[in-house]
Amino acid sequence: MKRSLITAAFAASAIAALTGLVAAKDEAAKDLLPGSVSRAEGLEAWKRIEAVVTHPRCANCHVDAKAIPIWTPAGETKPRPHGMNIHGGASRIGAEAIPCATCHMTSTQANEPAPAPPRAGIDWQLAPVAFIWFGKSGAEICTQLKDSKRNGGRDAAGLVEHLRHDASLNGFIPRGWAPGAGRSTPPGTFEDHVKDMARWGAAGQPCPD
């Protein structure tokens, strides 16, 4: 009898978890329905997105074709060119000289306090040249993000999926909020950012004038 009760309890927990997961997916799908969010609400969501993507923790590796990474060391607030004359090269991973992974190890372990270099579950690299954020205004980044020719061929739903996929790999995006003690982080949380991207998409990806 005791064993059957335990089995039933485990089954109930599994069903509840699955139900919650399905509900979450359904809610996310609902959020992405075009027109389900007003333009005004979409612009408010964009303001929060802009605060994230222009933060040094996100923008520093979104650099131009010169491929010079930007960094904001612990204890500093202003971005500047990466020390030690680091260059990402045409490969965007530093293969031509010193690979980024030499210091930024590929690891799913938590980031250690500064000055230990941050790491992620995927190989450290600069974002593609088309994804330039550093030095750009929020309005310019907004236009780029909604342009499928400059965002990896993604529509609004694809941008949200990109965030989720990166998180599943323990990638760069969620680690922006967990860079290791001593480093600044973007406002809000990763989940807040995902929700704002969904709301912005549902509003038709409006950009500020």
Förster radius 25 Å - calculated FRET efficiency between Val129 and Ala40, Cβ distance, rounded to 0.05: 0.15
Between the range 156-209 and the range 75-110, the alpha-carbon center distance in angstrom: 22 Å
Contour excess over end-to-end distance, with Cα ends at His162 and Ser148 and 0.36 nm allotted per residue: 3.7 nm
Gain on full stretching of the segment that runs from Gln109 to Ile122 - 0.36 nm per residue minus C-alpha separation: 3.5 nm
Extension gain from Asp192 to Asp155, taking 0.36 nm per residue of separation minus the Cα-Cα distance: 11.4 nm
Cross-link partners of Lys136 among aspartates and glutamates (Cα-Cα below 12 Å; sequence separation of 8 or more within a chain): Glu50, Asp64
Förster-model FRET efficiency, 22 Å R0, Ser184 and Ser137, C-beta, rounded to 0.05: 0.60
Cα-based convex hull, the range 79-209, per residue volume (Å³, whole number): 123 Å³
Computed magnitude of the charge dipole of the range 39-203 (debye, nearest 20; Cβ of K, R +1, Cβ of D, E -1): 200 debye
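Each value in this text was obtained by applying a stated rule to the coordinates, not by laboratory testing. The shown structure was predicted, so the numbers you read here are calculated from the model rather than taken from an experiment. Positions of Cβ are generated from backbone atoms using ideal geometry, with glycine treated the same way; all protein chains shown enter the neighbour counts.
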